[in-house]
Amino acid sequence: MNCLFCKIVKKEIPAKIIYEDERVLAFEDVNPQAPAHSLVIPKKHISTSLDITAEDNELIGHMFQTANKIAQDKNIAGSGFRLVMNCNSDAGQTVFHIHLHLLGGRIMHWPPG
Ligand code: 5GP
Ligand code: ZN
């Protein structure tokens, strides 16, 4: 399997890592769309949100808690932030290893583009 984010997990490709534990990794997006733009990924390979199963429930909750911690560390929790997980082509998913985008530091528009 040739997965970019699995390579980041294995440190075969560099990334600006901001949080890591045994289950998740968080790093800065290489092409930020907001003043704060981090990605939270599971170390386990899951291709899309459609592939999440009941055995991943705790892992997915941990991804959200990690995103919350990063938002607090970056002082954007109170002002607000957006968590996004794109699924498949219409949503613009380009990396097929699930990732939670954490976007903040500016006003977000709705509906999203
Ligand atoms: P998607 O479009 O799949 O929801 O999001 C993929 C995200 O991964 C994009 O925001 C893109 O900028 C980011 N990305 C793609 N390749 C790399 C990389 O090699 N390193 C990092 N840090 N981010 C990447
Ligand atoms: Zn992967």
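Summary table below
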item	result
Top-ranked residue of the range 30-52 - restricted to ones that are open to solvent by less than 40 Å² (accessible area, probe 1.4 Å) and away from ligand 2 (no atom under 16 Å from the Cβ), ranked as farthest from Ile107 (Cα to Cα)	Ser38
Candidates Lys11, Lys16 - the one that is free of Cβ contacts under 8 Å to residues at least 12 places away in the same chain and open to solvent by 80 Å² or more (accessible area, probe 1.4 Å)	Lys11
Some residue of the range 54-69 being within 21 Å of Gly113 (Cβ to Cβ), modelled with pLDDT of 95 or more, surrounded by 15 or more Cβ atoms within 10 Å (Cβ to Cβ) and among the hydroxyl-bearing types (Ser, Thr, Tyr)	no
Within the range 1-24, considering residues that are under 24 Å from Glu58 (Cβ atoms) and in a loop (DSSP other than H, G, I, E, B), the one nearest to ligand 2 (Cβ to nearest atom)	Cys3
Matching residues in the range 54-71 - criterion: being farther than 19 Å from Gln33 by Cα and of a type outside the set (Asp, Glu)	Ala54, Asn57, Leu59, Ile60, Gly61, His62, Met63, Phe64, Gln65, Thr66, Lys69
Number of positions in the range 88-113 that are within 15 Å of ligand 2 (Cβ to nearest atom) and open to solvent by less than 40 Å² (accessible area, probe 1.4 Å)	6
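The values are calculated or read from the model by the stated rules, or taken from the named source; none is laboratory data. None of these values were measured; they are calculated from a predicted model. When we count neighbours, we look across all protein chains shown, and the Cβ atoms used for this are built from the backbone with ideal geometry, even at glycine. Quick note on the areas: whole protein, heavy atoms, side chains included, nothing else; ligands and nucleic acids left out. Shrake-Rupley method; radii C 1.70, N 1.55, O 1.52, S 1.80 Å.
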